[in-house]
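Beneath this line is the structure, given in structure tokens, with notes to follow.
The values are calculated or read from the model by the stated rules, or taken from the named source; none is laboratory data. Keep in mind that what you see is a predicted model, and the values were worked out from it rather than measured. As a convention, Cβ positions derive from the backbone with ideal geometry for all residues, glycine included, and neighbour counts pool all protein chains shown. Surface accessibility is based on the protein's heavy atoms, side chains included, excluding ligands, DNA and RNA. Shrake-Rupley method; radii C 1.70, N 1.55, O 1.52, S 1.80 Å.
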Amino acid sequence: MKKDEKLWNEFRGGCNAALSHIYYQNVQKLYRYGRKFTDNDELIKDTIQEVFFHLIETRPRLGRTDNISYYLYVCFRRKLALHIKANRQLKSIDSEKDMEQDIDFSFEHELVQEEGSSEKKQKLNKALAKLTLKQREILYYKYTCGFSYEQICELTSLKYDSARTQVSRALSALKRVLMGDGVSINFLTIFRFR
Amino acid sequence: MLEMKSKKYTVDELLENKDFALWVLTGKCENNWHELLKSDSKQREAVENARDIIQLFEDSKLELEGEAVYSLWENIHTHTHQIKPKTKVISWQKFSGWAAAVLLIAMVGYWGLFVHDEASSYQAQFSHEINLDTERAHLILASGKHIWLDKTRPEISIAANNQLKINDQILFDSDHAVWKHENDLVQLVVPFGKQALVNLNDGSKVWVNAGSRLAFSSFKGKEVREVYLLGEACFDVRKNEKRFVVKTEEVDVTVHGTFFNVSAFSDEDEIETTLLEGSVAVKERKNIRVFENEIMLKPYEKAVFQKTDGTIEVEKAPNANEYTAWIDGSFTFFKEDLSEVFKQLKRYYNVDFVASEALLNEQEISGKLDLNSSLDEVLEMLSEIAEFNYKIQDKVVYVEQ
């Protein structure tokens, strides 16, 4: 990620053109990320703006990074969570419980284009829907964003081992859809050779 | 590149392999993953299963509309002015002490027809016939001596004592001092497929794009900082008491301290000046006219000067920073049609394109091209995204559906 590091350093050094590069390279990514948590476009736009305001305000104190997107994601999720939780609080009765509960990651807020998908794809999508919200979020970071386990842990506040366990459970569930249950096949074989 | 044929991968190994996932989701292939599909049926099945799972995580196509993106940027940009940073200058190899003002100008105009107000020997310096199809960039000193520059993106600097440095080595020229006379200019010729960076001695930088020429000198002892440009360049201008003017045949761009890109090619009818930061004045320079046509630009605005009738129009340019992406060695385009992308490739690689009108205008593509790639590599990638076939023959690219 040498390019990221260079761009980041330029920005830290006072170059506003670098800021505009960073903005244009990440604005749509952040929007899509925001849509996983809410379909309130205005809220998402406001949060993106806050993230960049934050960058500008903390510019002289910023450390190095080799993955700008990741840094923005962390900042964005934190701020979005605060807003969503605050909104929840306005509507709920048990406010303390709501503040503790993390925000929900979901693919459902987006329009799902399912016309003409194969049976296999439909089965996979159903299995995906059965995964826990946390599992889906982790897999999103792992595959869609390409983040490392360390980065995934930071974003989801999970310990390394928990994260890995969740990934393996989720992938097993998805694999089962495609490859069938290993046990039952063996059973069939045993039966045949009787 | 790994020998893919011999190693076998299980589904689990593939699911944990970052490079494989990158290939599935973006098509970028460092290790020839598609070779695995030619292997035995078990391996093929593993690859397909892993791929089907990973494809579940293709990102959505949702996007914020251009207007929203632009207005969000405006707010952010305003904020940079509200927060006055204590100039903590982080200096590293190439970008030491960037001051607030960065000016990006790409200017284009006829070289030979340039006429300066004061008597000077500028015209004599720049012969109109210069072969831009050469392999390397080169410098032409006032004495007429040619100095060839290696490297795809060479860097020229003017050292403190007015000496010329090429890629950090001082040019030692015993026969001719580089700046003998006051009006001596050095001309940098950048051929197609190359770029160069010039560090002027006021701290300003100029990235010169392919197929362009820049004439510059030491600014010491001069009242105005002037450079001459034919083609396209990005200027990063340091603010000081002396005005900085970029001269092309038809248009002078005076820098008031900003970041902007000007594009003016001699074979096009328009000269474009796109501003990213600060302010510039774009003025048509014709001695005959009584009323000078001068306009001031604000950030993310673009001035288009029509050579045919001398008018200047101002437009909004929300994707302004896309114009300057090439200084990184890449060309970014955002929702452009093929004709626009081909135009840039034509410029950079010096080839012509033949394609049907329908194909050129029908789709919008966005993406980023690495300018270190060869024309073939770039077209290979584009043809997959935009779905066309092509054939290169004698510097002409024939494109069909």
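Just to be sure, is A:A129 loosely packed, with under 15 Cβ neighbours inside 10 Å, within 14 Å of chain B (Cβ to nearest Cβ) and either assigned to a helix (DSSP H, G or I) or in contact with an Asp or Glu (Cβ under 7 Å, 6 or more places away or on another chain) (or both)? Break it down stepwise before answering.
Numbers: loosely packed, with under 15 Cβ neighbours inside 10 Å: yes; within 14 Å of chain B (Cβ to nearest Cβ): yes; either assigned to a helix (DSSP H, G or I) or in contact with an Asp or Glu (Cβ under 7 Å, 6 or more places away or on another chain) (or both): yes.
Yes; evaluated as a whole, the condition is true for this residue.
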Out of everything in the range A:154-173 that is farther than 13 Å from A:Y73 by Cβ and open to solvent by less than 40 Å² (accessible area, probe 1.4 Å), what residue ends up being farthest from the chain's Cα centre (by Cα)? A:A173
Are any residues in the range B:13-37 without any contact (Cβ under 8 Å) to a residue 24 or more places away in the chain and in a helix (DSSP H, G or I), and if so, which ones? B:E13, B:E16, B:K18, B:D19, B:L22, B:W23, B:T26, B:H34, B:L37
Please tell me if B:A99 is surrounded by 19 or more Cβ atoms within 10 Å (Cβ to Cβ) and either modelled with pLDDT under 50 or more than 9 Å from chain A (Cβ to nearest Cβ) (or both). no
Taking the condition of being out of contact with any Phe, Trp or Tyr (no Cβ under 8 Å at 6 or more places or on another chain) and of a type in the set (S, T, Y), how many residues in the range A:25-70 meet it? 4
Helices (runs of 4 or more DSSP H) contained entirely in the range A:1-97, each with at least 3 residues that are within 13 Å of another protein chain (Cβ to nearest Cβ) and open to solvent by 20 Å² or more (accessible area, probe 1.4 Å): A:2-12, A:16-34, A:41-57
Any idea which residue in the range B:48-86 is surrounded by the fewest Cβ atoms within 10 Å (Cβ to Cβ), counting only those that are among the charged types (D, E, K, R), part of a helix (DSSP H, G or I) and more than 7 Å from chain A (Cβ to nearest Cβ)? B:E67
Those residues of the range A:98-125 which are modelled with pLDDT under 80, open to solvent by less than 100 Å² (accessible area, probe 1.4 Å) and either in contact with a Pro (Cβ under 6 Å, 6 or more places away or on another chain) or outside any loop (DSSP other than H, G, I, E, B) (or both), in sequence order: A:D98, A:M99, A:K120, A:K121
